[in-house]
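To start, the structure itself, in structure tokens.
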Amino acid sequence: MSHAMKLHPLAWIPTLYTAEGIPNVIVCSVALYMFQRVGLSNAETAFFVAWLYLPWVIKPFWSPIVDMIGSKRLWILLMQILIGGALAGVALSLPGGHILTYGMAFLWIIAFSSATHDIAADGFYMLELHPHEQALYVGVRSTFYRIAGILGQGVLVMLAGVLEARTGNPLQAWSLTFGSAAALFLLLATAHAFLLPHPVSDQMHRLRLDTLRRTVADMGGTVVSFVKKRQFLLAVTFMLIYRLAEALLTPISRLFLIDSVDAGGLGLTTGQVGFVQGTIGVGGLLLGGILGGIAIAAKGFNRWKWWMAAAITLPNIVYLYLGYFQTQNLFLVSSCVFIEQFGYGFGFTAYMIYLLYFSQGKSPVSHYAFCTGFMALSMMLPGMVAGYLQDMMGYLNFFILVMAICPLTFLVMYLVKVPSGFGRK
């Protein structure tokens with residue numbers, strides 16, 4: 001497409017970043033509810049979903065492959081078709097009860113395709129738009145990525161709840177829900193085949209051995225320079241520990257909402273959980289993140305770091321209250337979820353700002369990619385054991401454990417040093 005016929009960015013950015021967000025939400029959040037509702041234990045559910053974070057952990061190591069083969073546009077379309085097909089695969093595997101064999105394999109395909117789609121979409125955005133346009137539309141792309149969170153955790157889960165009530169069969173309900181998601185994704189892929197522009201600089205590439213060798217050597221050098229950064233071990237400790245309490249709480253808090261009262265949960269219906277966690281909770285998370293960004297832009301990282309460490313830990317106490325009283329009052333439950341998610345959004349801002357600080361210097365883009373890999377690992381490792389701990393301890397004692405490890409967040413915040421005023425606009 002020539003520059004004179006250039007498609008307006010608003011014709012494709014909203015749908016592209018909605019498509020980027022939905023599969024991430026499905027494998028990291030929606031799959032939790034689906035596994036629980038079709039009869040898996042909390043230990044199995046949390047463990048299998050935690051494993052699905054792996055593609056985002058190792059994403060920095062295969063992002064060069066996306067640059068070396070094909071074009072970004074082609075990668076986007078192929079990954080969207082693959083995600084749509086894999087969503088249909090999950091839908092077809094559920095009625096036969098094959099969720100831990102075929103269903104899990106299809107979820108892996110969705111996870112790897114989603115992580116690859118992230119790489120291609122972000123690269124495409126930079127190739128198609130001039131730097132001033134990139135800055136102009138960054139709010140649009142982040143808004144629609146967040147809308148994808150509401151569509152996934154909210155609308156999709158509420159749809160499953162309606163279908164559960166109508167069919168009385170969770171397997172059939174979730175099969176129809178994933179089938180609907182597959183249809184939506186294949187529709188997006190079809191639309192993007194026509195809507196996505198053709199950036200002049202987005203050239204088709206063939207894999208060349210000399211390019212591959214050079215890329216591997218460059219990657220090796222980048223890894224070495226990352227590991228040699230000042231305070232590397234301390235930085236990695238911060239990345240893995242700062243949100244440890246939240247990483248343990250995240251999968252279990254969602255299962256707690258939907259688990260039966262006899263098992264120590266709140267016994268909410270799937271539709272109620274979609275509303276509470278997927279709309280009220282996501283709204284709190286977004287609002288906390290926005291206000292956190294405004295706060296640091298106004299006064300800098302050091303001015304807010306202790307408030308943010310408190311925000312990402314202390315609101316977790318609402319689950320102690322819910323675990324003790326097991327109230328079914330939807331207003332109270334929604335309020336508690338909003339408070340905890342708002343705190344997480346506000347406190348998480350400090351984490352992201354620290355990643356930006358640590359990535360400064362040589363190869364900042366590559367180093368930031370490695371930091372995001374550790375960020376995914378910080379959710380994956382605790383998630384793998386969270387379900388076993390909860391099964392062993394019960395919900396109330398698990399929430400006490402979460403509060404007991406909150407001081408570690410303050411400890412790693414004390415240990416890291418960031419220059420005065422960093423992050424201030």
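Within region 247-261, is there a residue that is in contact (Cβ under 8 Å) with a residue 60 or more places away in the chain, within 27 Å of Q360 (Cα to Cα) and hydrophobic (A, V, I, L, M, F, W, C)?
Among the residues of region 247-261, at least one is in contact (Cβ under 8 Å) with a residue 60 or more places away in the chain, within 27 Å of Q360 (Cα to Cα) and hydrophobic (A, V, I, L, M, F, W, C), which makes the answer yes.
Within region 347-375, can you find the residues that are aromatic (F, W, Y) and open to solvent by less than 30 Å² (accessible area, probe 1.4 Å)?
Scanning region 347-375 gives Y351, Y354, F358, F370.
Given the structure, is P95 modelled with pLDDT of 85 or more and either on the phi > 0 side of the Ramachandran plot or open to solvent by 10 Å² or more (accessible area, probe 1.4 Å) (or both)?
Spelling it out, P95 is indeed modelled with pLDDT of 85 or more and either on the phi > 0 side of the Ramachandran plot or open to solvent by 10 Å² or more (accessible area, probe 1.4 Å) (or both).
Going by the structure shown, is Y102 over 18 Å from G152 (Cβ atoms) and aromatic (F, W, Y)?
Criteria met by Y102.
Determine which member of the set S142, S71 is surrounded by fewer than 20 Cβ atoms within 10 Å (Cβ to Cβ), modelled with pLDDT under 95 and either touching a Cys at 6+ places or on another chain (Cβ under 6 Å) or of a type in the set (G, A, S) (or both).
S142
Scan region 54-68 for residues that are among the β-branched types (V, I, T), at pLDDT below 90 and open to solvent by 40 Å² or more (accessible area, probe 1.4 Å) and jot them down.
The one that is among the β-branched types (V, I, T), at pLDDT below 90 and open to solvent by 40 Å² or more (accessible area, probe 1.4 Å): I65.
Among helices (runs of 4 or more DSSP H) lying entirely in region 239-327, which contain 1 or more residues that are over 24 Å from R424 (Cα atoms) and of a type in the set (D, E)?
Filter on region 239-327 gives 244-258.
Which one is most open to solvent (accessible area, probe 1.4 Å), of the residues in region 116-139 that are in contact with a helix residue (DSSP H, G or I) (Cβ under 6 Å, 6 or more places away or on another chain) and hydroxyl-bearing (S, T, Y)?
Within region 116-139, the match that is most open to solvent (accessible area, probe 1.4 Å) is Y137.
Would you tally the residues in region 145-159 being open to solvent by less than 60 Å² (accessible area, probe 1.4 Å), of a type outside the set (A, V, I, L, M, F, W, C) and under 17 Å from I290 (Cα atoms)?
Number of matching residues: 1.
Identify the residue in region 305-330 that is open to solvent by 10 Å² or more (accessible area, probe 1.4 Å) and within 24 Å of the chain's Cα centre (by Cα) and, among all such residues, is nearest to G421 (Cα to Cα).
By that ranking, first place goes to K305.
The values are calculated or read from the model by the stated rules, or taken from the named source; none is laboratory data. Since the model is a prediction, treat every value here as computed from it, not as a measurement. Note that we place each Cβ from the backbone using ideal geometry, even for glycine, and neighbour counts take in every protein chain shown. Side chains included, ligands, DNA and RNA excluded: accessible areas come from the protein's heavy atoms. Shrake-Rupley method; radii C 1.70, N 1.55, O 1.52, S 1.80 Å.
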